[in-house]
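Visitor: Sending over a structure as structure tokens; questions will come in a sec.
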Amino acid sequence: MSQEFAIGSKVRVVALPPYVKTADPMPMLRPPDVIHIGEEGIVIDRRPGGYWGIRFTRGFFLLDSQYIENIEKSPESQSG
């Protein structure tokens, strides 16, 4: 089951894939050490195949939802 994320939401890396795909017009595979577990990024867009475009400190990468988690509380879950 694929998790959904809102565009602009902050996410955290919870596991590293075997490789990381750049979100360039001509994607390239990079070793997983370009990001690290616990690193936070911002969801920029949704891509085909269940990938999310996420901006991290070291670039813009495509990750499957199994490798990330939402770190912002949704407005309906906040008590005010």
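Visitor: Any idea which residue in segment 23-62 is surrounded by the most Cβ atoms within 10 Å (Cβ to Cβ), counting only those that are of a type in the set (Val, Ile, Thr) and in a loop (DSSP other than H, G, I, E, B)?
Guide: The extreme case among them is Ile35.
Visitor: Would segment 36-44 turn up any residue that is modelled with pLDDT of 95 or more and either among the acidic types (Asp, Glu) or within 13 Å of Lys21 (Cα to Cα) (or both)?
Guide: There is at least one residue in segment 36-44 that is modelled with pLDDT of 95 or more and either among the acidic types (Asp, Glu) or within 13 Å of Lys21 (Cα to Cα) (or both).
The values are calculated or read from the model by the stated rules, or taken from the named source; none is laboratory data. These numbers were taken from a predicted model, which means no experiment stands behind them. With ideal geometry, Cβ positions are generated from the backbone for all residues, glycine too; neighbour counts draw on all protein chains shown.
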